[in-house]
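One structure is given below, encoded as structure tokens.
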RNA sequence: AGCGAGGUAGGGUAGUCUGGAGUGCCCGCCGGGCUCAUAACCCGGAGAUCAAUGGUCCAAAUCCAUUCCUCGCUACCA
């Protein structure tokens, strides 16, 4: 057992629209890691939430003819519902429109960066598309026109605050090359390194309040400017645990052991964020895990195609465990993966029901019929458990590999039944076979807990055992739980 | 264009660093076994010029060179 703290975060998504299935993937991945660290004995804390200060939210609200806060309230609720329904075990759902807890921290960070001399005023010149309300670089334009609106962007000059990112180029390089800030997977780490080596430019850290429609965190001492959304968004990771408002709690959990993010925002987390923290003289997070994106039936998700999958709809028809299992099992942790309902059903029927549910069902039937109250025997089946592989793949964040290693033990249990044929046995040989199988299921209930917590709990209940931790994943020579078969763990999906 | 990652059976992957029979896993397909179990479970089989060419070596998916193809990153996208 360890007493170390483990603070983990999901990215905080823009809430300009309802959650899609990609958000569900991130929630599940983060939760699996968190729960694994739970059974490893860490004291864990998980932050999730919503980035509400984006201009996208302002625009989305205007399109719907409602207030921005109302839109954020509405959509944040959907994200929170998703978190609940998918069993994301979060400790805090933190919204960046929270003026009491978020603004003080975001402004404190800003002041500290000013004190370090890293924020300065500069005239910003850029190509601004009125339709997009955003700036474009020359490379992004198609024939000199905005790729979306096919209009010529205006040249706009505006005085903004800039963050002196260039100053941190060497420090960032050293930080990431040395692994002091770990980036999973390796390929993303390489991308970040090559980006840094290409030379870092200072970035615009504020916008005019006018252009931001007055929405966002004001720059301390200059109400005409609003903080650039990324600065305020990143600080939710520290503000949510008390930076600027409850430094005691903040010190308890920070630094984060892991930020889980989508691959598209790697740069902000691996470059901007550590630079801001260095400037503000705050400790740095330990690791970043960038997952891939989901396609749907082989196509990129898009509103235009109309193939966006809302995970809340999926959870109307399928259980949290079925969705969680599928997302981890079929999606490589780091690569893009393809989502399809058919594949989800196949996994649920073949593996959750056919292998896990059926294993429990056949063993508990035989155990009940045996009439035994306690079971003893030698630990032959335990040798098939690859606990080391489970731990090493987890430490590399290869969650699909971790799950596969757990599942291969399920297969060994089923194989063991076929080989031993306990239905033909009686006396000591029967007791030994049942002992091994019951211990096997008990261990599985622990190892499956991070992935399918509801089912794992049911398994422990059926065995009459308590949910254990990693130290309990060994066979103990004796099984004394009170076995009750009860209902099936899964029903077949048609 | 530059930098990076890849191309292994019908699909998806591991193996490559540290060369040693195409070795493994998942889905799909075909055949058999079992009857404890939710038509679930177990075993066996078919299916691959390991992208191509050239080289090093007793020996190459693995090392070297070249070519072709795919994907990612290249300043504000989960």
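The values are calculated or read from the model by the stated rules, or taken from the named source; none is laboratory data. It should be emphasised that the depicted structure is a prediction, and the values quoted were computed from it without experimental measurement. All Cβ positions, even for glycine, are placed from backbone atoms using ideal geometry, and neighbour counts span all protein chains on display.
Hey, among the residues in region A:390-402 that are more than 11 Å from RNA strand B (Cβ to nearest atom) and assigned to a helix (DSSP H, G or I), which one's surrounded by the fewest Cβ atoms within 10 Å (Cβ to Cβ)? Steps first, answer last, please.
The initial filter retains those residues of region A:390-402 that are more than 11 Å from RNA strand B (Cβ to nearest atom), namely A:390-392, A:394-395, A:397, A:399, A:402.
Still in the list and also assigned to a helix (DSSP H, G or I): A:390-392, A:394-395, A:399, A:402.
Values: A:390: 22, A:391: 14, A:392: 14, A:394: 20, A:395: 11, A:399: 26, A:402: 26.
Checking each candidate, the answer is A:395.
Of everything in region A:102-128, what is in contact with a helix residue (DSSP H, G or I) (Cβ under 6 Å, 6 or more places away or on another chain) and buried (at least 17 other Cβ atoms within 10 Å of the Cβ)? Give them in sequence order.
A:102, A:105, A:106, A:109, A:112, A:113, A:118, A:119
Consider residue A:271 carefully, then state whether it is modelled with pLDDT of 90 or more, in the same structural domain as residue A:45 (by TED's automatic domain parsing) and over 20 Å from residue A:400 (Cβ atoms).
Numbers: modelled with pLDDT of 90 or more: yes; in the same structural domain as residue A:45 (by TED's automatic domain parsing): yes; over 20 Å from residue A:400 (Cβ atoms): yes.
Spelling it out, residue A:271 is indeed modelled with pLDDT of 90 or more, in the same structural domain as residue A:45 (by TED's automatic domain parsing) and over 20 Å from residue A:400 (Cβ atoms).
Give A:421, A:405 a once-over and let me know the one that is surrounded by fewer than 23 Cβ atoms within 10 Å (Cβ to Cβ), on the phi < 0 side of the Ramachandran plot and within 13 Å of RNA strand B (Cβ to nearest atom).
One residue alone meets the criteria, A:405.
Being assigned to a loop (DSSP other than H, G, I, E, B), in contact (Cβ under 8 Å) with a residue 60 or more places away in the chain and either crowded, with 23+ Cβ neighbours inside 10 Å or near RNA strand B (Cβ under 10 Å from one of its atoms) (or both) is the filter here, so list the residues in region A:18-52 that pass it.
Matches in region A:18-52: A:19, A:20.
What number of residues within region A:274-315 satisfy the criterion of being in a helix (DSSP H, G or I) and either within 14 Å of RNA strand B (Cβ to nearest atom) or not assigned by TED's automatic domain parsing to the domain that holds residue A:243 (or both)? Don't jump to the end; show me each part of the working.
Just the residues of region A:274-315 that are in a helix (DSSP H, G or I), to begin with: A:274-280, A:311-315.
Add one more test, that the residue is either within 14 Å of RNA strand B (Cβ to nearest atom) or not assigned by TED's automatic domain parsing to the domain that holds residue A:243 (or both), and what stays is A:274-276, A:311-315.
The total comes to 8.
Hey, any hits in region A:366-373 for a residue that's surrounded by 23 or more Cβ atoms within 10 Å (Cβ to Cβ), in a helix (DSSP H, G or I) and not assigned by TED's automatic domain parsing to the domain that holds residue A:88? Show your work before the answer.
Taking region A:366-373 as the starting set, the residues that turn out to be surrounded by 23 or more Cβ atoms within 10 Å (Cβ to Cβ) are A:367.
Still in the running and in a helix (DSSP H, G or I): A:367.
Filter again for not assigned by TED's automatic domain parsing to the domain that holds residue A:88, leaving A:367.
Looking through region A:366-373, at least one residue is surrounded by 23 or more Cβ atoms within 10 Å (Cβ to Cβ), in a helix (DSSP H, G or I) and not assigned by TED's automatic domain parsing to the domain that holds residue A:88.
Return the residue satisfying two criteria in turn: it lies in region A:244-273 and is assigned to a helix (DSSP H, G or I) and buried (at least 21 other Cβ atoms within 10 Å of the Cβ), and of such residues it is nearest to the chain's Cα centre (by Cα).
Residue satisfying both the conditions and the ranking: A:269.
Read through the list (1) within 11 Å of RNA strand B (Cβ to nearest atom); (2) part of a helix (DSSP H, G or I); (3) not assigned by TED's automatic domain parsing to the domain that holds residue A:454, then give the number of the only condition that residue A:334 fails.
Exception for residue A:334: condition (2).
Listed here are the residues, each with its yes/no results for (1) within 16 Å of RNA strand B (Cβ to nearest atom); (2) at pLDDT below 95.
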{"residue": "A:90", "(1), (2)": "yes, no"}
{"residue": "A:97", "(1), (2)": "no, yes"}
{"residue": "A:100", "(1), (2)": "no, yes"}
{"residue": "A:107", "(1), (2)": "no, yes"}
{"residue": "A:117", "(1), (2)": "no, yes"}
{"residue": "A:121", "(1), (2)": "yes, yes"}
{"residue": "A:124", "(1), (2)": "yes, yes"}
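Determine which single condition residue A:12 fails, assuming it passes every other condition in (1) modelled with pLDDT of 90 or more; (2) within 16 Å of RNA strand B (Cβ to nearest atom); (3) under 13 Å from residue A:96 (Cα atoms).
(1)
If I ask for residues that are touching a helix residue (DSSP H, G or I) at 6+ places or on another chain (Cβ under 6 Å), in contact (Cβ under 8 Å) with a residue 24 or more places away in the chain and closer than 30 Å to residue A:326 by Cβ, which ones from region A:365-386 would you list?
Matches in region A:365-386: A:366, A:367, A:381, A:384, A:385.
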